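The values are calculated or read from the model by the stated rules, or taken from the named source; none is laboratory data. On a predicted model such as this, the values are computed, not experimentally measured, just so you know. Ideal geometry is used to build each Cβ from the backbone, glycine not excepted, and the neighbour counts take in all protein chains shown. Please note that ligands, DNA and RNA were not included when accessible areas were found on the heavy atoms of the full protein model with its side chains. Shrake-Rupley method; radii C 1.70, N 1.55, O 1.52, S 1.80 Å.
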Amino acid sequence: MTETRDFEIGKGKTMGAYAAVLGVLYFAVGVVEVLGGAGEVIPGDLFGGLALVVVAATYLNGVKGLFNGEHKGLSFLLGGLFLSAVFGVLYLLLLGADGLMFLLGEAEEFSVLAGLRPEVVVFFLSLPLAYQAWALTREVTW
């Protein structure tokens with residue numbers, strides 16, 4: 001009995017492994033944020049941490065489907081990438097707003113590294129996976 005694959009299994013395994021790493025990373029950062037943070041590196045944020053756990057769950061739900069070469073796994077991956085982009089861009093905009101407040105004289109100090117949240121860093125780490133997913137979805141006939 002032959003199994004049908006929606007896309008090449010090699011690409012699926014590579015993307016599945018990357019999604020698993022991102023999922024574990026998002027989960028770890030989310031749990032640390034919920035538990036109160038880790039000093040200056042990871043701030044304590046209950047709702048932000050819970051949102052990261054949801055992003056992690058989305059990535060991790062797609063891993064098995066990606067390993068099997070199924071579009072179901074790809075759809076979870078796209079959902080996780082979308083959520084990563086939403087939160088990454090949101091915190092980038094907050095960082096830009098803080099910089100603007102400093103330039104306008106409303107804030108006394110501004111540091112890019114102090115305002116850089118882990119969500120932004122992990123968002124940038126997810127961009128290579130976004131390119132791979134885009135390459136696969138170009139071939140899909142809707």
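A few points about this structure:
- In this structure the chain gives 61 Å² per residue of accessible area when probed at 1.4 Å with all protein chains present.
- A simple spin-label model places pseudo-atoms 7 Å from Cα toward Cβ; at Leu125 and Lys11 they are separated by 2.5 nm.
- When peptides 96-105, 129-138 are sorted by average Cβ neighbour count within 10 Å, with the highest value leading, the order is 129-138, 96-105.
- List Tyr18, Tyr91, ordered by accessible area with a 1.4 Å probe, largest first: Tyr18, Tyr91
- Taking packing as the residue-averaged number of other Cβ atoms within 10 angstrom, the listed peptides 65-78, 24-37 run from highest to lowest as 65-78, 24-37.
- Our helix-only sum for the chain, with -39,500 (n - 2.57) per DSSP H run of n ≥ 4 divided by its residues, gives a mean residue ellipticity at 222 nm of -25000 deg cm²/dmol.
- Protection proxy ranking, peptides 54-64, 40-50, average beta carbon neighbours within 10 Å, highest first: 54-64, 40-50
- Stokes-Einstein diffusion of the chain at 4 °C, 1.567 mPa s viscosity, Kirkwood radius from Cα pairs, rounded to a whole number: 80 µm²/s.
- Charge dipole of the chain about the Cα centre (unit charges at C-beta), most positive-ward option of Leu129, Gly48, Phe82: Leu129
- The largest accessible area among Val122, Val86 belongs to the first residue in Val86, Val122, and the rest follow in falling order (1.4 Å probe, all chains).
- Hits among aspartates and glutamates - C-alpha to C-alpha of Lys72 under 16 Å, sequence gap 8 or more where chains match: Glu3, Asp6, Glu8, Glu139
- Extension reserve of the Ala38-Lys72 stretch, reckoned as 0.36 nm per residue once the Cα distance is removed: 8.7 nm
- Extension gain, Val112 back to Gln132 (0.36 nm per residue minus Cα-Cα distance, nm): 4.3 nm
- Spin-label model distance (nm) - Leu103 vs Val24, 7 Å beyond Cα toward Cβ: 4.1 nm
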